[in-house]
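**Student:** Structure provided below as structure tokens; questions to follow.
The values are calculated or read from the model by the stated rules, or taken from the named source; none is laboratory data. On a predicted model such as this, the values are computed, not experimentally measured, just so you know. Using ideal geometry, Cβ is built from the backbone for each residue, glycine included, and neighbour counts are taken over all protein chains shown. Surface areas here come from the heavy atoms of the whole protein model, side chains and all, with no ligands, DNA or RNA. Shrake-Rupley method; radii C 1.70, N 1.55, O 1.52, S 1.80 Å.
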Amino acid sequence: MDSLVIAGRQFRSRLIVGTGKYKSFAETARALEASGAEMVTVAVRRVNLDRSKESLLDYIDPSKYFLLPNTAGCYTAEDAIRAARLGREVGLSDWIKLEVIGDERTLYPDIQATLEATRVLVKEGFTVLPYTSDDVVFAKRLLDAGASAVMPLGAPIGSGLGIQNQANIRILREIITGVPLIVDAGVGTASDAAIAMELGADAVLMNTGIAGAQEPVLMAEAMKHAVLAGRSSYLAGRMPRKLYATASSPLEGVVR
């Protein structure tokens, strides 16, 4: 079976979805179901951890989905480390999608702070999946720090621009071995997800591409199929590009 393996854990789906920006918790649940995803992310700082009140967590079946807390909204390594520890203390998970934002307008990651937080959290026993830029040098440093995946953006968070850095994703695919390469951010529609997978990504993580669609549940289903198609296309190996036409049917033996 063509499984996604992260830190020794197998997942059948290569689509990872976020849980923010939906109109309601009920819509979130329907979109998760339609996506076929097994891993879903929740923001530690934004989820209601008071289980006496209605919470997003009431709509995520822990027997069906693997919960991946994230440090969304953190702008320093210290804040991200604190959020990760909180998520573990309240029983969410000892896995963490690490986000340390460096610029408020573009939401680009602070890669130095991300590296610092990765080092600390790995030493504390966390499985760290860091959101990062497409910088090859820092990708190597994150691997050296013990990251369990490298998660470069395809375009700015929530932009829906699609994969703007295809060359860099290809380079990262060549140099990253032993852990998954997961494209995180920028996917706006199903073809973007397929392209990410055709570039060799092991998985795609998205939120706004689904939640921001006019019909989120239908888009979630489309993203599921796109990831499957892109993965199959990558494994199949595309035909070589040619400048001139080549006849689809062989010309040998044709009576003229």
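**Student:** Over the Cα atoms of the chain, how large are the radius of gyration and the largest Cα-Cα distance (Dmax), in Å?
**Tutor:** 19.5, 82
**Student:** Could you pull out every one of the lysines with an alpha carbon less than 29 Å from that of residue 53, ignoring same-chain neighbours closer than 8 positions?
**Tutor:** 21, 23, 64, 97
**Student:** If you fit an axis through the alpha-carbon atoms of helix 216-236 and take the longest principal axis of the Cα set of the chain, what angle between them do you get, 0 to 90°, nearest 10?
**Tutor:** The angle comes out near 50 degrees.
**Student:** Within the stretch 164-256, what whole-number % of the accessible surface is contributed by carbon and sulfur, with the 1.4 Å probe and all protein chains included in the calculation?
**Tutor:** Its accessible area is 55 percent carbon and sulfur atoms.
**Student:** In Å and from the alpha-carbon atoms only, list the Rg and Dmax of the stretch 113-152.
**Tutor:** So, for the stretch 113-152, Rg and Dmax equal 8.9, 26 Å respectively.
**Student:** When a/c is below 1.5 the answer is rounded, else prolate if a/b is larger than b/c, else oblate, so apply that to the stretch 1-94 with a ≥ b ≥ c taken from the square roots of the Cα gyration tensor eigenvalues.
**Tutor:** Numbers: a/c = 1.81, a/b = 1.18, b/c = 1.53.
Judged from the Cα gyration tensor, the stretch 1-94 comes out oblate (a/c at least 1.5, b/c at or above a/b).
**Student:** Same structure again: With the Cα gyration tensor of the stretch 129-256 giving a ≥ b ≥ c as the square roots of its eigenvalues, does the rule (a/c under 1.5 for rounded; else a/b larger than b/c for prolate; else oblate) give rounded, prolate or oblate?
**Tutor:** Here the stretch 129-256 falls in the oblate category.
**Student:** For residue 18, enumerate residues with amide H under 5 Å from its amide H, sequence gap 5+ or separate chain, H modeled in the peptide plane.
**Tutor:** 41, 206, 207
**Student:** Now for a separate question. Can you give me the convex hull volume of the Cα atoms of the stretch 105-191, divided per residue and expressed in Å³? Don't jump to the answer; show the numbers that get you there.
**Tutor:** Working: hull volume 8.4 nm³, N = 87.
For the stretch 105-191, the hull spanned by Cα atoms encloses 96 Å³ per residue.
**Student:** Still on this model: Rounded to the nearest 10 Å², what accessible area does residue 79 show when all protein chains are kept and the probe is 1.4 Å?
**Tutor:** Result for residue 79: roughly 50 Å² accessible.
**Student:** Ok, one more. On the accessible surface of the stretch 48-156, probed at 1.4 Å, how many percent belong to carbon and sulfur atoms? Walk me through the numbers before you get to the answer.
**Tutor:** On the way: 2280 of 4880 Å².
The C+S portion of the solvent-accessible surface of the stretch 48-156 is 47 percent.
**Student:** Expressed as a rounded percentage, what relative contact order does the stretch 129-187 have, with Cα pairs under 8 Å and six or more residues apart?
**Tutor:** 41
**Student:** How far, in degrees from 0 to 90, does helix 166-175 lean away from the longest principal axis of the Cα atoms of the chain, to the nearest 10?
**Tutor:** The answer is roughly 80 degrees.
**Student:** Give me the accessible area per residue for the stretch 32-107, probe 1.4 Å, as a whole number in Å².
**Tutor:** Solvent-accessible surface per residue comes out at 49 Å².
**Student:** Taking the Cα-to-Cβ direction at residue 235 and at residue 9 and moving 7 Å from each Cα, how far apart do the two end points lie in nm?
**Tutor:** 2.3
**Student:** On to the next question. On average, how much accessible surface per residue is there in the stretch 141-199, in Å², for a 1.4 Å probe, leaving out ligands, DNA and RNA?
**Tutor:** 36
**Student:** Sequence-distant or interchain residues sharing an amide H contact under 5 Å with residue 132, placed H: which?
**Tutor:** 151, 153
**Student:** Right, another one. On average, how much area does the Cα convex hull of the stretch 48-131 cover when viewed from any direction, in nm²?
**Tutor:** That works out to 6.0 nm², a quarter of the Cα hull's surface.
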